[in-house]
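Single-structure report; data block below.
The values are calculated or read from the model by the stated rules, or taken from the named source; none is laboratory data. All values derive from a computational prediction rather than experimental measurement. Cβ placement follows ideal geometry from the backbone for every residue including glycine, while neighbour counts extend to all protein chains displayed. For accessibility, only protein heavy atoms count, side chains too; no ligands or nucleic acids. Shrake-Rupley method; radii C 1.70, N 1.55, O 1.52, S 1.80 Å.
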Amino acid sequence: MKPNKNHHLETRSLFAGYDPSENFGAVKPPIHPASTFVFPSARAGAALMETAYGIEGAETPEGDGFIYSRLGNPTLTVAEKRLATWDGADAAAFFASGMAAISTTLMAHTSKERPLYYVGPLYGGTQHIIDYILPEMGVEVVKLDSLDDLESMGKPESLPGMVYLETPANPTLQVHDIELATNWTKSNSTEEERILVVVDNTFLGPIIQRPLELGADLNVYSATKYIGGHSDLIAGGVSGEAKAMAKVYEYRTFFGGMADPWTSWLLARSMETLHIRAKRQTESARKVLDFLQEKPGVPRNGINNVLSAWEQDLAGKSDYKNAAIVKKQQKNGGAMLAFELPGGRKAAHAFLDSLEVFQLAVSLGSTESLAEHPASMTHAGVSTEDKERTGITEGLVRLSIGLENADDLIADIEQALEAARLSLEEKNALR
Ligand SMILES: *Cc1c(COP(=O)(O)O)cnc(C)c1O
């Protein structure tokens, strides 16, 4: 296509992966549901297959021939080229879910010899793999309290396969300094043993946070969230440096967790509006955040605590080094917010039951605004001790800001706060 490196990202991504002249001039890509692809000749088929399996002496296949849709599919390729373009990555891969993307990446780049280092809190599914599945496979897991621990640890005996982190983290929106990890892995990697930095970038996505530009090797995504963006699909993505991606593709081929053609088509379509959604959703989130605070760092009367990955609201807190990290690595604070109601679970549930514009559901990053109660919903499986340590209190409510008018969202929160307050008064009157 005509757009080139001199064009802006949103221009290039719109054209990435698809050429109308190869498809009857159709301005949009078709869906290719085919499971298998006809080889032009036996010799060409052999070249394709032997190359795919890395057989020595294989003939170089002509063009980018497809074989079988578990290995690759034209619709999947369109979506992957778009994600790679958005992320400024050498390559990208889409999976059937965020967990398929994350588990495949963890398996591809850790082993008995190469431990996993990670810093929490992490998405519950990822934490489960780390706590139960990797150890069963003999992979040593090292939990860091903070990325600062890397420096004080000195040179490890067995080099980890990767340092894995999620920023901002779910649901407290705590941020981690990506460069602390990438500086450490760069100075400790060797020629033969490279240590990757893998960042779960689900909460911000390529428009707001660009980990590869800070030296990270791979991004992983739940594409179910902002990349899909419409609560109508489940998918996952990985993007990054070519060599690290090659192993991810190999593992995906044999684990079989690729995204199907229909999901790929939806993803390619959704990525055309990714920047517009990110812009509007973050603008509205900023307005909702301003409503939740009397002034930066001071929660509105009736709310205990406001959590966000925005820099300004936290500036007032003296022990808060996050503001500097946010400023360095994020364009803005994204569209996820959380706040704590006094009155614990009863107040939080009353608040959620009173919402009329926000819909009560887990998940996030969609066109519609969603609200949920982490302690009893997304994080119900987390131990009481870990909940306390990471700030997942009984009064905490998480919001995902969508595309509704921000004033309607604010009015909805205001009336639900009042309903939660009244429900507590009733409870007290009954005592
Ligand atoms: C939802 C989510 C996942 C898991 O993705 P699925 O698409 O549900 O498999 C992983 N990481 C984060 C941060 C998430 O929010």
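Two decimals is fine: what is log10 I(q)/I(0) at q = 0.11, 0.16, 0.18 Å⁻¹ for the stretch 275-429, from a Debye sum with one equal scatterer on every Cα and no solvent?
-0.42, -0.90, -1.14
Once amide H atoms are placed 1.01 Å from N in the peptide plane, what residues at a sequence separation of 5 or more from residue 372, or on another chain, have their amide H within under 5 Å of its amide H?
When sequence neighbours closer than 5 places are left aside, the close amide H contacts are 398.
For the chain, what % of the accessible area comes from carbon and sulfur atoms, probe 1.4 Å?
53
Would you mind getting the accessible area per residue of the chain, heavy atoms of the protein chains only, 1.4 Å probe, in Å²?
That works out to 46 Å² per residue.
With n ≥ 4 as the cut-off for DSSP H runs, can you work out [θ] at 222 nm for the chain, using -39500 (n - 2.57) per run divided by the number of residues, rounded to the nearest 500?
Taking each H run of at least 4 residues, the total per residue is -11500 deg cm²/dmol.
Using amide H atoms built 1.01 Å from N in the peptide plane, name the residues 5+ places from residue 224, or on other chains, whose amide H lies under 5 Å from its own.
Those lying under 5 Å, H to H, from residue 224 are 98, 235.
Order of 417-423, 100-106 by packing, highest average Cβ count within 10 Å first?
100-106, 417-423
Sorted by mean Cβ packing within 10 Å, highest first, what order do the peptides 11-24, 237-250 take?
237-250, 11-24
Taking a 18 Å limit on the Cα-Cα distance, which of the listed pairs 5/331; 143/328; 2/28 fall beyond it?
5/331; 143/328
Which FRET efficiency value, to the nearest 0.05, is calculated for residue 149 and residue 191 with the Förster distance at 30 angstrom and r the Cβ-Cβ distance?
Computed FRET efficiency for residue 149 and residue 191 comes out at 0.75.
Work through the residues other than residue 67 whose Cβ is under 15 Å from its Cβ and net out their charges, Lys, Arg +1 and Asp, Glu -1.
Around residue 67, the surrounding residues sum to -2.
Apply the Karplus curve 6.51 cos²θ - 1.76 cosθ + 1.60, θ = phi - 60°, to the phi angles in the stretch 18-28 and return the couplings in whole Hz, x for Gly and Pro.
Going residue by residue, I get 8, 10, x, 5, 8, 9, 6, x, 4, 5, 10 Hz, with x marking Gly and Pro.
Taking amide H positions as placed 1.01 Å from N in the peptide plane, with prolines and chain starts having none, which residues 5 or more places from residue 273, or on another chain, fall under 5 Å of its amide H?
Residues meeting the criterion, in which the H sits 1.01 Å from N, do not exist here.
Where the only charges are on Cβ atoms (+1 Lys, Arg; -1 Asp, Glu), what is the dipole of the chain about its Cα centre, to the nearest 20 debye?
580
Let me know the shape class of the stretch 29-73, please: from the alpha-carbon gyration tensor, a ≥ b ≥ c as square roots of the eigenvalues, rounded when a/c is under 1.5, otherwise prolate if a/b is greater than b/c, or oblate.
Here the stretch 29-73 falls in the prolate category.
For every other residue with a beta carbon closer than 9 angstrom to the beta carbon of residue 291, add +1 if it is Lys or Arg and -1 if Asp or Glu, then tell me the sum.
Local charge sum for residue 291: 0.
Work out the charge dipole of the chain with +1 on the Cβ of Lys and Arg and -1 on the Cβ of Asp and Glu about the Cα centre, then indicate which of 76, 138, 377 is farthest towards its positive end.
Of 76, 138, 377, it is 76.
Lys and Arg at +1, Asp and Glu at -1: add these up for the other residues within a Cβ distance under 13 Å of residue 100 and post the number.
With Lys, Arg at +1 and Asp, Glu at -1, the net is +1.
Less than 18 Å apart at the alpha-carbon level, and either on another chain or at least 8 residues along: which lysines does that give for residue 247?
81, 112
For residue 141 and residue 254, compute 0.36 nm times the residue count separating them, minus their Cα-Cα distance, and round to one decimal in nm.
38.3 nm
Calculate the tail of P(r) for the chain: the fraction of all Cα-Cα distances greater than 36 Å, expressed in %.
30
Could you order peptides 374-384, 132-142, 253-263 by the average number of other Cβ atoms within 10 Å of their residues, highest first?
So the peptides 374-384, 132-142, 253-263, ranked by packing, come out 253-263, 374-384, 132-142.
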